[in-house]
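Report on the following structure.
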Amino acid sequence: MLDFLSRRFAAALVTLALATVVVFAVVEVLPGDPALVMLGTEARPDTLAALRAQYGFDQPLPVRYLHWIGGLLSFDLGNSHAYGTPVAKLIGDRLAVTLPLGALALSWAVLVAVPLGVLAAWKHGTAGDWGVMGFTQIGISVPNFWFGIVLVLLFAVTWQVFPSGGFPGWRQDPRGSVVALVLPALALSLSEIAILTRVTRSAMLDTLREDYVRTARAKGAPERVVLFRHALRNALIPVTTVAGLIAGFLIAGAVIIESVFRLPGVGQLVYDSINNRDLVVIKNVVVLFTILVLAVNLLVDVAYVLLDPRPRVAA
Amino acid sequence: MSGFIARSRRHVGFQIGAVLLLLFVGTALVSLVWTPFPVDELRMRYKLLPSSPQNLLGTDHLGRDVLSRIMVGAQTSIAVGLISVGIGMSLGVALGAWAAARGGWVDEALSRTSDLIFAFPAVLIAILVTSVLGASARNAILAIAIFNIPVFARVTRGAALAMWSRDFVRAATALGQGPFGITWRHILPNIASVLIVQATIQFAVAILAEAGLSYLGLGAQPPVPSWGRMLRDAQTYIFQAPELALWPGLAVALAVLGLNMLGDGLRDLLDPRLRLMRVG
């Protein structure tokens, strides 16, 4: 078991190392002169030279890369060009919005999707099943940011029960902050609910055909016990995998949703940094996203091992 | 083929998808020759009007006719989808077929590279590309195409590997045909249905991605009409003209829904055992 997990961990580290090379290449090598990108073509030569010296752009590429990696390892990411504050603190503050948003959306997605999927599989082939499947087809087709705008139209413009956007801050107004995350989390979770429902349904259809389910029914176990203890427990393995994959997409989807609701999260930071051409922030945020995605995948592997004893031996 | 048509008559999802796709493509074609108003005509006196017989879907913040802009926006969506899926598909299929035919280090290198690309969420690849190369429809297409390459490479590799172990392919090898000839004559024709279905789904994903990028201001730039961009502008006026925020989103949703239903229908009709990748 430890062997399996440590191999997965090593693979994730290799992917991460390669990812940093790619990000470095795209952000600092591809554009030619990063200082020129950050300041624009009309910048004066002495300002350009000062910026190059400040960020070490005048040094050879391998030195610059190693310096950045050294900074990543010690959480010293340098200062943002646009904000003038340390990038690590900037990202940390923004994570305090994005992580709760993602967690809320994921929990909501699991809470809705698993019962829906179980229901559809249990009522396989009936109108209820068709209804659920139709809903999932719409769920993956509707752009989540537009769903967010529609939610604003309904709950902020028409009924005025939720704010249309903005974030009061955890310290200033904890309750208001939670309220501010409700609509964005709903918008973010729509397509995830659709995907998870489909996965739950097809996994349940598989397990409901198994011999042990028939045995449980033959023993006279109540349908509730058969569904949830026997069938769902085994169907949860693929559901966990997909939930983990989805968590990665949630983080990325947050970029657009935070823009819809004007939430000061990591997504907004990426967006602002693009407009400010703040390459220092961009490259670190992208690596952070990659770390989050890889970490979630590792967590899925751990959950996998806990739920299903087979990969412990097979791998 | 006649069997396919007969079966498609009984597949409701496929039919709904086909009708929605016809509507989508038809709108784009009609807009090439006719729109109710010239798309870029500014009439500030008539700005933010609600639906009326003159402007069926109202007017935007510059007094432009929303219906006309949605019609021309369909062209943008189709162009972005076709080109990005076209690039991603040609490169991805070539790479995947190569990996399956060659095996060994080529296969290993390709699999690891696509793992690497999948470690970055698609939106981030797009944001990285557009932040370095600049925001434009062309760069949005490029970004979406980059994400499509590993999707097609993976699907092609998996399907082609299954074909390589089939008897008729072994027979062709025994007859002395080279790997390129076998791939071209035997492998690709036999995995075409997988690729067609995947292309339909990726077309839908590309339209969603383009809408998202333009919404962020990273896709097509004004004055090119684009559904995502229209939503971005509409949100500013959400209290004065809430309707504006409905139509472009509905257009995206219907186009994507049509492609998704068509893709699922095609999968059922061509080969129910197909396994698809769904990544967004």
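Please verify whether A:V157 is free of Cβ contacts under 8 Å to residues at least 60 places away in the same chain, within 21 Å of the chain's Cα centre (by Cα) and facing chain B (nearest Cβ under 8 Å), treating the condition exactly as stated. Before the answer, list the steps.
Working: free of Cβ contacts under 8 Å to residues at least 60 places away in the same chain: yes; within 21 Å of the chain's Cα centre (by Cα): no; facing chain B (nearest Cβ under 8 Å): yes.
Here the answer is no, as A:V157 does not meet what is asked.
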**Message:** Which residue is farthest from the other protein chains (Cβ to nearest Cβ), if the candidates are limited to the range A:101-144 and must be within 20 Å of A:R209 (Cα to Cα) and of a type outside the set (A, V, I, L, M, F, W, C)?
**Reply:** A:P115
**Prompt:** Taking the condition in a loop (DSSP other than H, G, I, E, B), farther than 26 Å from B:L216 by Cβ and within 14 Å of another protein chain (Cβ to nearest Cβ), does A:Q59 pass?
**Reply:** no
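Before we move on, is A:G244 assigned to a helix (DSSP H, G or I), within 14 Å of chain B (Cβ to nearest Cβ) and closer than 18 Å to A:F145 by Cβ? Give the derivation first.
On the way: assigned to a helix (DSSP H, G or I): yes; within 14 Å of chain B (Cβ to nearest Cβ): yes; closer than 18 Å to A:F145 by Cβ: no.
No: the conditions fail for A:G244.
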**Request:** Looking only at the range A:37-47, decide whether some residue is assigned to a helix (DSSP H, G or I), modelled with pLDDT under 85, buried (at least 18 other Cβ atoms within 10 Å of the Cβ) and within 12 Å of chain B (Cβ to nearest Cβ).
**Result:** yes
**Request:** For A:A25, indicate whether it is crowded, with 16+ Cβ neighbours inside 10 Å, within 14 Å of another protein chain (Cβ to nearest Cβ) and among the small types (G, A, S).
**Result:** no
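Working carefully through the options B:S111, B:S84, B:S90, B:S68, find the one that is in a helix (DSSP H, G or I), polar (S, T, N, Q), more than 14 Å from every other protein chain (Cβ to nearest Cβ) and surrounded by fewer than 19 Cβ atoms within 10 Å (Cβ to Cβ). Lay out the reasoning, then the answer.
Values: B:S111 fails: more than 14 Å from every other protein chain (Cβ to nearest Cβ); B:S84 fails: surrounded by fewer than 19 Cβ atoms within 10 Å (Cβ to Cβ); B:S68 fails: surrounded by fewer than 19 Cβ atoms within 10 Å (Cβ to Cβ).
Testing whether each residue is in a helix (DSSP H, G or I), polar (S, T, N, Q), more than 14 Å from every other protein chain (Cβ to nearest Cβ) and surrounded by fewer than 19 Cβ atoms within 10 Å (Cβ to Cβ) leaves just B:S90.
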**Message:** Whether any residue in the range B:153-163 is touching a residue at least 40 places away in the same chain (Cβ under 8 Å), touching a Gly at 6+ places or on another chain (Cβ under 7 Å), surrounded by 23 or more Cβ atoms within 10 Å (Cβ to Cβ) and under 30 Å from A:Y271 (Cα atoms) is what I want to check.
**Reply:** no
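I need a count of the residues in the range B:206-227 that are closer than 24 Å to B:M89 by Cβ and either touching a Lys or Arg at 6+ places or on another chain (Cβ under 6 Å) or more than 8 Å from every other protein chain (Cβ to nearest Cβ) (or both). Full working, then the answer.
Kept after step one, since they are closer than 24 Å to B:M89 by Cβ, are these residues of the range B:206-227: B:206-214, B:218-220, B:226-227.
Filter once more, keeping what is either touching a Lys or Arg at 6+ places or on another chain (Cβ under 6 Å) or more than 8 Å from every other protein chain (Cβ to nearest Cβ) (or both): B:206-207, B:209-210, B:213-214, B:219-220, B:226-227.
Total meeting the criteria: 10.
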**Message:** Which of the numbered conditions does A:A49 fail, given that it passes all the others? Conditions: (1) touching an Asp or Glu at 6+ places or on another chain (Cβ under 9 Å); (2) in contact (Cβ under 8 Å) with a residue 60 or more places away in the chain; (3) under 18 Å from A:V280 (Cα atoms).
**Reply:** (2)
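Starting from residues that are of a type outside the set (G, A, S) and more than 8 Å from chain A (Cβ to nearest Cβ), keep the ones in the range B:233-247 and report whichever is surrounded by the most Cβ atoms within 10 Å (Cβ to Cβ).
Applying the first criterion (of a type outside the set (G, A, S)) to the range B:233-247 yields B:233, B:235-240, B:242-244, B:246-247.
So of that shortlist, the ones also more than 8 Å from chain A (Cβ to nearest Cβ) come out as B:233, B:236-237, B:240, B:243-244, B:247.
Values: B:D233: 16, B:T236: 12, B:Y237: 16, B:Q240: 10, B:E243: 17, B:L244: 24, B:W247: 21.
It comes out as B:L244.
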**Item:** When residues of the range B:119-135 are limited to those that are touching a residue at least 24 places away in the same chain (Cβ under 8 Å) and either more than 9 Å from every other protein chain (Cβ to nearest Cβ) or not in a helix (DSSP H, G or I) (or both), the one farthest from the chain's Cα centre (by Cα)
**Value:** B:A135
**Request:** Find all pairs meeting these conditions: Cβ atoms under 7 angstrom apart; at least six residues apart or on different chains; first residue within the range B:26-41 and under 10 Å from B:V72 (Cα atoms); second residue among the β-branched types (V, I, T) and surrounded by 12 or more Cβ atoms within 10 Å (Cβ to Cβ).
**Result:** B:A28/B:I78; B:S31/B:V72; B:T35/B:V72; B:V39/B:V72
**the range A:84-124 - residue that is part of a loop (DSSP other than H, G, I, E, B) and either free of Cβ contacts under 8 Å to residues at least 12 places away in the same chain or in contact with a Pro (Cβ under 6 Å, 6 or more places away or on another chain) (or both) and, of those, surrounded by the most Cβ atoms within 10 Å (Cβ to Cβ)** = A:K123
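The values are calculated or read from the model by the stated rules, or taken from the named source; none is laboratory data. These numbers were taken from a predicted model, which means no experiment stands behind them. When we count neighbours, we look across all protein chains shown, and the Cβ atoms used for this are built from the backbone with ideal geometry, even at glycine.
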